[in-house]
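Heads up, the thing below is written out as structure tokens.
Values in this text are rule-based calculations from the coordinates and carry no lab data. Source: prediction; values computed, not measured. Note: ideal-geometry Cβ built from the backbone for every residue, glycine included; neighbour counts use all protein chains shown.
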Ligand code: AMP
């Protein structure tokens with residue numbers, strides 16, 4: 001089934017959802033049937049689960065909805081918005097918050113804070129889905145329907161960019177890679193954005209072959225190879241090495257790793273011609289670029305990072321502000337157009353490259369996990 005640009009397949013059937021909800025209703029009733037509960041659904045996602053939960057909970061209770069969304073697109077954002085829709089006083093009442101899904105726990109934390117101010121008697125959280133691997137809070141979830149791995153799901157109240165809420169079952173992304181589990185990722189970003197650092201973590205985590213064209217060039221320069229001699233003058237000035245040289249080198253490296261589970265391309269492609277060549281080359285193997293993920297950061301921060309790195313890396317192109325500026329100029333003229341190139345193919349994702357190494361690895365992993 002297709003929603004927007006993505007293909008989804010059934011993950012949890014309607015009857016399994018119903019069974020889990022019935023179970024939640026029974027557990028809530030066992031604890032609270034003598035109290036007149038106030039069930040509060042968190043819109044938009046919870047409208048399905050709260051409706052069905054009410055069909056299974058046949059004791060006196062009130063039902064209300066609030067809105068406090070934290071989801072945009074397919075990755076969870078950190079910011080949690082304002083609460084809308086709570087008009088009646090809940091002082092002294094027993095409240096069950098009903099969520100469709102709890103992942104990072106940001107929304108739950110925010111709700112707990114808000115309801116504490118309301119001086120409620122009991123504050124309990126019921127959620128149909130829970131992603132234990134993504135949960136970062138120590139707030140207890142009182143009633144959990146189904147625990148699921150940290151993957152993107154849609155249907156039964158949950159949407160993908162607005163679509164899919166009306167589906168009776170829950171769906172996950174279908175694996176549409178030509179080569180089953182192969183993931184080929186282009187790590188994109190300006191010099192100094194942290195591509196190399198992140199690649200070190202991601203290659204381990206996802207068992208990928210890391211190909212950094214910059215590293216390969218430097219290795220060849222150090223060993224004074226023919227390729228090194230060809231590339232040296234360009235690299236030292238901060239210019240791009242000509243496409244024919246770079247493309248051939250990259251293809252040779254891929255050929256050396258044909259049993260790989262996937263590639264992490266770091267610093268390649270840097271021109272439209274290289275991107276075209278990469279697509280054509282991968283196609284000859286029945287592979288493709290799965291996604292391009294950009295690490296975004298301001299130029300000024302990056303220049304400082306590079307100068308700092310230059311003090312220890314010994315890289316001449318990291319030590320001179322004019323060379324660094326030239327690398328950015330090359331990026332802006334030749335590499336930046338690749339963003340539109342991959343956006344047109346629905347393969348472009350961006351994450352904020354400012355933060356701790358671990359935070360950024362987590363953000364990148366969130367994207368890779370939904371591919
Ligand atoms: P990097 O380590 O990725 O910053 O690359 C260092 C230098 O290697 C760049 O400034 C270029 O001179 C050269 N280089 C690396 N990758 C490419 C590429 N894909 N195309 C052309 N030149 C490249």
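Brief remarks follow.
- Divided by 2.2 N^0.38 Å, where N counts the residues, the Cα radius of gyration of the stretch 2-173 comes to 0.99.
- Helical runs assigned H by DSSP (4 residues or longer) give the chain a calculated mean residue ellipticity at 222 nm of -12500 deg cm²/dmol, each run adding -39500 (n - 2.57) before division by the residue total.
- DSSP beta bridges in the stretch 93-196 [antiparallel fraction, %, rounded to 5]: 25 percent
- Potential lengthening between residue 116 and residue 340 on full extension [0.36 nm per residue; Cα-Cα distance subtracted]: 76.0 nm
- Across the chain, the relative contact order, built from alpha-carbon pairs under 8 Å that are at least six residues apart, equals 15 percent.
- The antiparallel fraction among DSSP beta bridges confined to the chain stands at about 25%.
- The orientation-averaged shadow of the Cα convex hull for the chain, equal to a quarter of the hull surface, comes to 20.6 nm².
- Taking 0.36 nm per residue of sequence separation and removing the Cα-Cα distance, the residue 333/residue 350 pair yields an extension gain of 4.2 nm.
- Just checking the listed ones, 347, 140, 151: in the Gaussian network model of the chain with Cα springs under 10 Å, the one fluctuating most is 140.
- Placing pseudo-labels 7 Å out from each Cα toward the beta carbon at residue 219 and residue 281 gives an inter-label distance of 1.4 nm.
- Nearest-ten-degree value, helix 299-313 long axis tilted from longest Cα axis of the chain: 60 degrees
- Sorted ascending by nearby beta carbons within 10 Å, beginning with the fewest, 265, 201 become 201, 265.
- Normalised by the number of residues in the stretch 185-369, the average gap of Cα pairs under 8 Å and 6 or more apart makes the relative contact order 32 percent.
- With respect to the chain, whose longest principal axis is taken over its alpha-carbon atoms, helix 321-330 is tilted by about 70°.
- Treating r as the C-beta distance of residue 300 and residue 166 and R0 as 35 Å, the FRET efficiency rounds to 0.15.
- With neighbours defined as other Cβ atoms within 10 Å of a residue's Cβ, the residues 234, 143 order from fewest to most as 234, 143.
- Residue 315 versus residue 150: modelled label distance in nm, points set 7 Å from Cα along the beta carbon direction: 2.8 nm
- With the simple model of a label 7 Å out from the Cα in the direction of the Cβ, residue 237 to residue 86 spans 6.4 nm.
- Residues 272, 235, arranged from fewest to most other Cβ atoms within 10 angstrom of their Cβ, appear as 272, 235.
- Relative to the dominant Cα principal axis of the chain, helix 226-237 is inclined by about 70°.
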